[in-house]
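Since the structure comes first, as structure tokens, the remarks are kept for the end.
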Amino acid sequence: YVMTKPQELSCGFIIFKNARNHLVFCASINYKVYLNMKMKYVFGIFVMLLLSTASCSLPDNEGSPVSFEIVKIVSVELPNSFTLGETHDIVVRYEVPSTCHVFSGFEVIPLLNQRTVNVVSTVIPNGNCVDQQQVFEEQVYRFRVTSNGSYVFKFFTGLDADGIPEYIEREVFVIN
């Protein structure tokens, strides 16, 4: 219901008039607000501005933030061949740089028949981190074979002197 001209209403309405439209507000229990499109637009802009200026932050006493790092793989154990449709275990041995590093999972980047495999470690700084030398752990990467031919695996072993990634590369053929 849109009013085209001011009217007298008996239920305690307050009528505001502008040059084009009317805003009608009923102060009784069953109130209605009639807004024109311009007012809806202005209200929408106001709400968006209000929401965009709101922010949240964690208190400083909540502890140190957790981060993730890719750690060096030192060796892998692969089968000599894969069987199509089966899942095979690949044992991955990696370096644990400090006592604050915890295994998080594998990052596997597929590109056609190539798989680049990284070990992701969660770093939880607690103030008691101790750097470690020659400490290794093993995890099993379960790989499902879905295509014929062969797969080329690249396991991240670190960066060279120029900052270029180095890999252990292995090719495994698929048999039917």
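Data for the structure
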item: Strands (runs of 3 or more DSSP E) wholly inside the stretch 90-176 containing at least 1 residues that are over 19 Å from residue 73 (Cβ atoms) and among the small types (Gly, Ala, Ser); result: 150-159
item: Residues being in contact (Cβ under 8 Å) with a residue 24 or more places away in the chain and either under 28 Å from the mean Cα position of the chain (by Cα) or under 16 Å from residue 107 (Cβ atoms) (or both) - total across the stretch 152-176; result: 9
item: Total residues in the stretch 160-174, condition of a type in the set (A, V, I, L, M) and surrounded by 14 or more Cβ atoms within 10 Å (Cβ to Cβ); result: 3
item: Residues being within 29 Å of the chain's Cα centre (by Cα) and closer than 24 Å to residue 89 by Cα - total across the stretch 122-141; result: 7
item: Members of the stretch 78-95 that are loosely packed, with under 12 Cβ neighbours inside 10 Å and polar (S, T, N, Q); result: 80, 87
item: Which numbered condition residue 75 fails, given (1) free of Cβ contacts under 8 Å to residues at least 60 places away in the same chain; (2) loosely packed, with under 15 Cβ neighbours inside 10 Å; result: (1)
item: Hey, residue 123 out of contact with any Cys (no Cβ under 9 Å at 6 or more places or on another chain) and surrounded by 14 or more Cβ atoms within 10 Å (Cβ to Cβ) or not; result: no
item: Residue match in the stretch 120-131 (condition: in contact with a Lys or Arg (Cβ under 9 Å, 6 or more places away or on another chain) and not acidic (Asp, Glu)); result: no
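The numbers here are math on the coordinates, done by the rules we state, and not lab data. It should be emphasised that the depicted structure is a prediction, and the values quoted were computed from it without experimental measurement. A quick note on method: Cβ atoms are made from the backbone with ideal geometry, for glycine too, and the neighbour counts reach across all protein chains shown.
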